[in-house]
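Right, one structure below, let's go through it.
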Amino acid sequence: MKAQALPAVELTRVSKNFDAVQAVRELSLTIQKGELLTLLGPSGCGKTTLLNMIAGFDVPSGGSIVIDGRDVTAVPPYRRETGMVFQSYALFPHMNVFENVAFGLRMRKMAKLGIERAVGRALEMVKLEGFASRRVGQLSGGQQQRVALARAIVIGPKVLLLDEPLSALDKNLRRAMQLELRELHERTGLTTVFVTHDQEEALGLSDRIVVMSRGEIQQVAAPLELYRSPANGFVASFIGEINRLPPARCRIEGDEAVFEIAGHVVLRARRREKLTIAEGQETHLFVRPEHLTIATSKSSAQNKVSCRVTTHLYQGAYTLTRVDAGPLGNLQLRALGGEAIAAAPIGSQIEIDIDLDEAVILAG
Amino acid sequence: MSARLARGLRASLFWGAVALILVYMTIPAFVVLMTSVSPSELLEFPPSGFSFRWYERAFSYPDFQNAFVNGLIVTAFASSLSLLIGSAFAYLVDRYVFAGRAALEAVLASPLIIPHFTTGFGFLLLGADLGLGQSYAVVIATHVVLTLPFVSRTVYVSLRNLDPALERAATNLGASPFEVLKRVTLPLLRPGMVGGWLLAAILSLTEFTASLYVTAQRTQTLPVAMYTYVREYTDPTIAAISALLIIFTTALMLLANRCLGLRRILAIDVH
């Protein structure tokens, strides 16, 4: 990331109301130059509205938007110098690939020779050399996607806006395009805002992720930090899979935090510096499936819980095992490979270890 | 095996029914076409021989010649005006929410409800009052009203089928609202607009009821001239000119179909 003094986009207390619905509420956010920032959230969280406000298609009900040092809150979309890739690609069906990519340059009154050179470079960048004279209808979904990208980057936008551009592709192609998008971003260094509801996509692509819900920011963080220390219950359960344990009472015993759940289950964790929970306070524990393991007779872990195996979901690289842990409810374990299926048959009574060192602990 | 037999039976029943409907729908035109090649002096069906003599008469009859040219003049102006007004209405209804939008839609559809007879009669009275008589202007005005619902509907369907993201994409790339209209919206609406124009032309060329009121000898269109002819003569010339009109409008219909597909002309599918 090439952090520079001047931010690429600055949103200050931006709101958007549609009739009675508040799609975005007093949201402030600074997007650094050159970073790939993802707006992530469930549908209806306001992420697309936010993107449309940056592009200028939606006018904010309040607040201001500054792009590259210039207040564009009242500037129409065609003078904002943003490059957008739409979910439906929105390639002009009456133009061929070249004309599509050249459109923005023609609007900028660039000379013919310059246009040809720039379009050629852009098509090369998205690996579509030789496709210039193709009709849009003759292209596959992935190719249309690349044309849409080329069309947006060729104008050298101040910020590249991607509105769920991969959601129409099938799973394998999607993975390949994610890698390409990331590589393209490294090559161009364009400030990019990416909208998605797919948390895996967000984790894989982003420099920073903005998790949104109901028009508000829940957390802004780098993928790793977001996954390991979510700021609240919403982020914890939205990013990756996680087990939410029933509410617990916490007390401190020496250098251990002790959690009492449902009256009699006791779990222990090493005390952490960042943990700011008072004695006796109600707390919520979130544990990732990979931090639950089937206990062997030799293991000396302190958080053993007995439970009954209900299902196995074999996924190739790993297996998801669902267990009924009585007062702790249903829990999910993730174990590498498929050994768990034979080791803990469905219906069998087993013991599991709950590793709380990596658990997310939030005050109720 | 019996299942296959049943399937075969069902298929033949289905296609039999389709054939019957086709015959039923085209039989009047077929009778006229056959009568038109009859050598007899009188209208007869089935014809007793084969001759093109009535076609020669149809072509050389001055009233038909004039009426055909009149029809072309009226159609050219009426369809074009109808396209202009209909497109503007369609755009308004599609893009803007305003008070009275529903009322506007109802007005646009009203020629489907008001009998052509009434429209023609109304324009006759109005034309007389304004001192325009039965001039081209009045005929054209009448035809515009009659074709408007079809044209506006066709353009409206094309507008609905236009992905709004396309206009946004153009805007995002730096195109002003006028440039967007010029380079994206209008080019993409063109098939719908050409189809709408052709549809209006077909309706205008074959319109009779209202035209009977608003045309005079000097401005009469082909269907009116044909009606006048039948009242005086009973030879197969009328069948021949009918056949020619059918062929001409069929050609236009095929052209319209090529431009946007019959389904969309008739505005069946909006998705």
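The values are calculated or read from the model by the stated rules, or taken from the named source; none is laboratory data. None of the values given here were measured: they were computed from a predicted structure. Virtual Cβ from ideal backbone geometry, glycine too; neighbours counted across all protein chains shown. These area figures cover heavy atoms from the full protein model, side chains too; ligands, DNA and RNA do not enter into them. Shrake-Rupley method; radii C 1.70, N 1.55, O 1.52, S 1.80 Å.
Across the stretch B:170-200, the qualifying residues are those that are facing chain A (nearest Cβ under 7 Å) and hydroxyl-bearing (Ser, Thr, Tyr), and the one among them that is nearest to A:Ile54 (Cα to Cα) is B:Thr171.
If we scan the stretch A:86-98, do we find a residue that is more than 13 Å from chain B (Cβ to nearest Cβ), in contact (Cβ under 8 Å) with a residue 24 or more places away in the chain and touching a Lys or Arg at 6+ places or on another chain (Cβ under 6 Å)? Even if it seems obvious, please write down each step before you answer.
Of all residues in the stretch A:86-98, those more than 13 Å from chain B (Cβ to nearest Cβ) come to A:96-98.
Okay, now just the ones that are also in contact (Cβ under 8 Å) with a residue 24 or more places away in the chain, so A:96-98.
Applying the additional criterion that residues be touching a Lys or Arg at 6+ places or on another chain (Cβ under 6 Å) yields A:96-97.
Yes, there is a match, as at least one residue in the stretch A:86-98 is more than 13 Å from chain B (Cβ to nearest Cβ), in contact (Cβ under 8 Å) with a residue 24 or more places away in the chain and touching a Lys or Arg at 6+ places or on another chain (Cβ under 6 Å).
Of the residues A:Val72, A:Val126, only one is β-branched (Val, Ile, Thr), open to solvent by less than 30 Å² (accessible area, probe 1.4 Å) and under 21 Å from A:Gln32 (Cα atoms); which? The unique qualifying residue is A:Val72. Only strands (runs of 3 or more DSSP E) whose full extent lies in the stretch A:252-364 are considered here, and the ones with at least 2 residues that are open to solvent by 70 Å² or more (accessible area, probe 1.4 Å) and over 23 Å from A:Gly240 (Cβ atoms) are A:304-314, A:349-354. Looking at (1) open to solvent by 20 Å² or more (accessible area, probe 1.4 Å); (2) in contact with a Gly (Cβ under 9 Å, 6 or more places away or on another chain), which is the only condition A:Ser213 fails? Against the list (1) open to solvent by 20 Å² or more (accessible area, probe 1.4 Å); (2) in contact with a Gly (Cβ under 9 Å, 6 or more places away or on another chain), A:Ser213 comes up short only on (1). Taking the stretch A:58-76 as the region of interest, how many residues are assigned to a loop (DSSP other than H, G, I, E, B), within 14 Å of chain B (Cβ to nearest Cβ) and within 14 Å of A:Val159 (Cβ to Cβ)? Result for the stretch A:58-76: 2.
Among residues of the stretch B:243-271 being of a type in the set (Val, Ile, Thr) and modelled with pLDDT under 75, the one that is farthest from B:Met34 (Cα to Cα) is B:Val270. Candidates A:Thr196, A:Thr191: the one that is at pLDDT below 95, crowded, with 22+ Cβ neighbours inside 10 Å, of a type in the set (Ser, Thr, Tyr) and assigned by TED's automatic domain parsing to the domain that holds A:Ala102 is A:Thr196.
Quick one: what pairs do we get from the stretch A:99-113, first residue under 16 Å from A:Val136 (Cβ atoms) and more than 9 Å from chain B (Cβ to nearest Cβ), second assigned to a helix (DSSP H, G or I) and among the small types (Gly, Ala, Ser), C-beta under 7 Å, 6+ apart or different chains? Close Cβ pairs satisfying both conditions: A:Val101/A:Ala122; A:Val101/A:Ala150. Within the stretch A:114-138, the residues that satisfy the criterion of being within 14 Å of chain B (Cβ to nearest Cβ) and touching a helix residue (DSSP H, G or I) at 6+ places or on another chain (Cβ under 7 Å) are A:Ile115, A:Ala118, A:Val119, A:Ala122, A:Val136.
Pairing each residue of the stretch B:92-120 that is in contact (Cβ under 8 Å) with a residue 40 or more places away in the chain with any residue that is of a type outside the set (D, E, K, R) and exposed (fewer than 12 other Cβ atoms within 10 Å of the Cβ), provided the two are 6+ apart or on different chains, yields no C-beta distance under 9 Å. Contact annotation: residue pairs with Cβ atoms under 6 Å, 6 or more positions apart or on different chains, pairing a residue in the stretch A:314-340 that is hydroxyl-bearing (Ser, Thr, Tyr) with a partner that is buried (at least 18 other Cβ atoms within 10 Å of the Cβ), are A:Tyr318/A:Arg334; A:Thr319/A:His312; A:Thr319/A:Ala335; A:Thr319/A:Ala340; A:Thr321/A:His312; A:Thr321/A:Leu333; A:Thr321/A:Ala340.
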